[in-house]
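This report refers to the structure that appears directly beneath it.
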Amino acid sequence: MNTRFQTILTIVFLVLAVLGIVAFATLRSGSSGSSVTITLWGTVSRDDFTNLLSVINQNRGNTPLRIEYTEKKEATLESDLVEALAKGEGPDTILLPQNLIIKQQDKLYPIPFTVYPEATFKNTFVEAGNVFLTKDSVLALPFQLDPLVLYWNRDLYTGAGIAQVPRYWDTFFNIASKLTVLSDGGTITKSALSLGEYQNILHASDIFMMLTMQAGGRITSFDSKDNRIVSTLDAKSSDSKVAMAESALNFYTTFANPNNNAYSWNRSFPLSDEVFVSGDSATYIGYLSEFSTLRARNPNLNFDVAVMPQSRVGRASTYANILGIAILKRSPNVQTAYVAINDLLSLDNARLWAKTSGYPPVRRDLAGETQSDNIKSVGYSSAIIAKSWTDPDSMVTEKIVKNMIESVLSGNAGAGSAVSRANKELQNELDKYNN
């Protein structure tokens, strides 16, 4: 974004924000007789969101500002938006996942740091929300977060004489052989951990990215010199000759290596969540939002949830899917929409959404609150350490990760060369949107 355009955009947004605040103050005072409705599209439950808006609107009293929510299917959200905008229609605001932000950024109204300071953003929201930041603006405000967590079968752990899940991955190597049960013919009948393959591991790509970040790596970063987002999959730490993604890939594929003591998975298994629900896998990596579904699929399964084990190097982290509320450029109500979404993300309303939806909060001040319920406690603790990354297109990046994992498992490539190729492929995809 050039300096002249940035200056003009800042002035325009400042004026619109001031007008919006004045308008909102007028609305709150009830002196305006006209109704103002901000339309919002998203994939979250309409019932849950309607309950949230009902309470918010009640608290506003006679204020004629309203948010009108339309639930969309996750599979068609992007195409519905593109089609609507082509017709000169569409919502004022939209809930976008992190993997659509870069693809659709040309349709979004960037909020300059001069209006919403970067420091304010980072002090308000958990680190995973940083995926919505550019070098000089905010593309969306974080709304909902779903972290990867560890599900574990209490009966299988107890039967193996293991009291609890390990805090660190290296400890997991020591217990994998205790949890994995092999038949006389060497067939796995009980798995310690569903990890190692790609095709039958739910969330395989997200898990690999998480392991890379836990190793201290970053998937992408912004190159200020060339003014573009670059892939850093092949980046090495200052004291290592091995890329952090390479270490993650070696760790990931170890569990599918029959020659390793940690061997506990192969491609003969059904999907990882199915094996866990059936009681044949001691540990499953999934999203916090899956808890109720897993419980419903097998009410007799004695399982619990824990914060993701960590690497002993790098910072504590897990991966999270995150939704952000963005303003559309085509909206005739930009200033009111800006005020409305800030109101939606206030402390009280964010707390209400966490209670209504069951997802951990995206606000730091809420995520740090102590929870007596274990599921909430794991969710809140995971939210604080959660990270995300600038995914240009999840369908493409999943294929990149798939090829990387399978090339190592098949012996067609070493981990280093597989990561190097994946880095180039990811950069090619990023370059489609860098301009």
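Read the figures in this text as sums done on the coordinates, not as results from a lab. The structure displayed is predicted, hence computed values, not measured ones. All Cβ positions, glycine included, derive from the backbone under ideal geometry; neighbour counts span all protein chains shown.
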**Message:** With +1 on the Cβ of every Lys and Arg and -1 on the Cβ of every Asp and Glu, and nothing else charged, how large is the dipole of the chain about its Cα centre, in debye rounded to the nearest 20?
**Reply:** 680 debye
**Asked** Per-residue ellipticity at 222 nm for the chain, helices alone: DSSP H runs ≥ 4 residues times -39500 (n - 2.57), over residue total, nearest 500 deg cm²/dmol?
**Response** -13000 deg cm²/dmol
**Fill in**
A chain fully extended from Asp365 to Asp155 at 0.36 nm per residue, minus the present Cα-Cα distance, gains in nm 72.0 nm
**Asked** Over region 150-235, what relative contact order in percent results from Cα pairs under 8 Å that are six or more residues apart?
**Response** 13 percent
**Request:** Just rank Thr253, Thr318, fewest to most, by other beta-carbon atoms within 10 angstrom.
**Result:** Thr253, Thr318
**Complete:** Everything considered on the Cα gyration tensor (a ≥ b ≥ c; rounded for a/c under 1.5, else prolate if a/b is larger than b/c, else oblate), region 215-347 must be described as oblate
**Per residue Cα convex hull volume in Å³ - calculated over region 152-205** = 106 Å³
**Request:** Report, in debye and to the nearest 20, how large the dipole of region 352-434 comes out about its Cα centre when Lys and Arg carry +1 and Asp and Glu carry -1 on their Cβ.
**Result:** 100 debye
**Item:** region 196-283 - charge dipole about Cα centre, Lys and Arg +1 at Cβ, Asp and Glu -1, debye rounded to 20
**Value:** 320 debye
**Request:** Report, ordered by chain and residue number, the lysines lying within cross-link reach of Lys355, taken as a straight Cα distance under 17 Å and ignoring same-chain residues fewer than 8 apart.
**Result:** Lys376
**Request:** Please name whichever of Asn250, Ser238, Ala262 sits farthest to the positive end of the charge dipole of region 234-322, dipole taken about the Cα centre and charges placed at Cβ: Lys and Arg +1, Asp and Glu -1.
**Result:** Ser238
**Prompt:** What ³J(HN,Hα) values, in whole Hz, does the Karplus curve 6.51 cos²θ - 1.76 cosθ + 1.60 give for region 409-414 when θ = phi - 60°, with x put for Gly and Pro?
**Reply:** 5, 7, x, 6, 8, x
**Message:** Using a Gaussian network model on the chain with a 10 Å cutoff between Cα atoms, which of Trp353, Trp169, Trp389 fluctuates the most?
**Reply:** Trp169
**Message:** Let's test the formula: R0 of 22 Å, r as the Cβ-Cβ distance of Ser240 and Arg167. What FRET efficiency results, to the nearest 0.05?
**Reply:** 0.45
**Message:** Over the chain, with a Gaussian network built from C-alpha contacts below 10 Å, which listed residue (Ser268, Ser54, Ser420) shows the highest mean-square fluctuation?
**Reply:** Ser268
**Complete:** Rounded to whole angstroms and listed largest first, the alpha-carbon spread of region 260-307 along its three principal axes comes to 33, 23, 17
**Request:** In nm, give the distance between the simple-model label positions of Asp47 and Thr114, each being 7 Å from the Cα along the Cα-to-Cβ direction.
**Result:** 4.7 nm
**Asked** What is the gain in length, in nm to one decimal, between Lys402 and Asn434 on full extension, counting 0.36 nm per residue of separation less the C-alpha to C-alpha distance?
**Response** 9.1 nm
**Request:** Compute the length gained on full extension between Ser417 and Asn59: take 0.36 nm times their separation in residues and subtract their Cα-Cα distance, giving the result in nm to one decimal.
**Result:** 123.1 nm
**Prompt:** What residue among Gly358, Asn99, Gly314 has its Cα farthest toward the positive end of the dipole of the chain, where the charges are +1 on Lys, Arg and -1 on Asp, Glu, each on the Cβ?
**Reply:** Gly314
**Item:** For mean projected area of the Cα convex hull in nm², calculated from these coordinates, the label among [x] 20.6; [y] 22.4; [z] 19.0
**Value:** [y]
**Request:** Pick out which of Ser240, Ser377, Ser278 has the largest mean-square fluctuation in a Gaussian network model of the chain, springs linking Cα atoms closer than 10 Å.
**Result:** Ser240
**Message:** I need the phi-derived Karplus couplings for region 423-432: 6.51 cos²θ - 1.76 cosθ + 1.60, θ = phi - 60°, integer Hz, Gly and Pro marked x.
**Reply:** 4, 5, 5, 5, 5, 4, 6, 4, 5, 5
**Prompt:** Among rounded, prolate and oblate, which fits region 154-261 when a ≥ b ≥ c are the square roots of the eigenvalues of its C-alpha gyration tensor, a/c under 1.5 means rounded, and a/b larger than b/c means prolate?
**Reply:** prolate
**Request:** Note down the nm distance, to one decimal, between modelled labels 7 Å out along Cα→Cβ at Ser410 and at Asp106.
**Result:** 3.5 nm
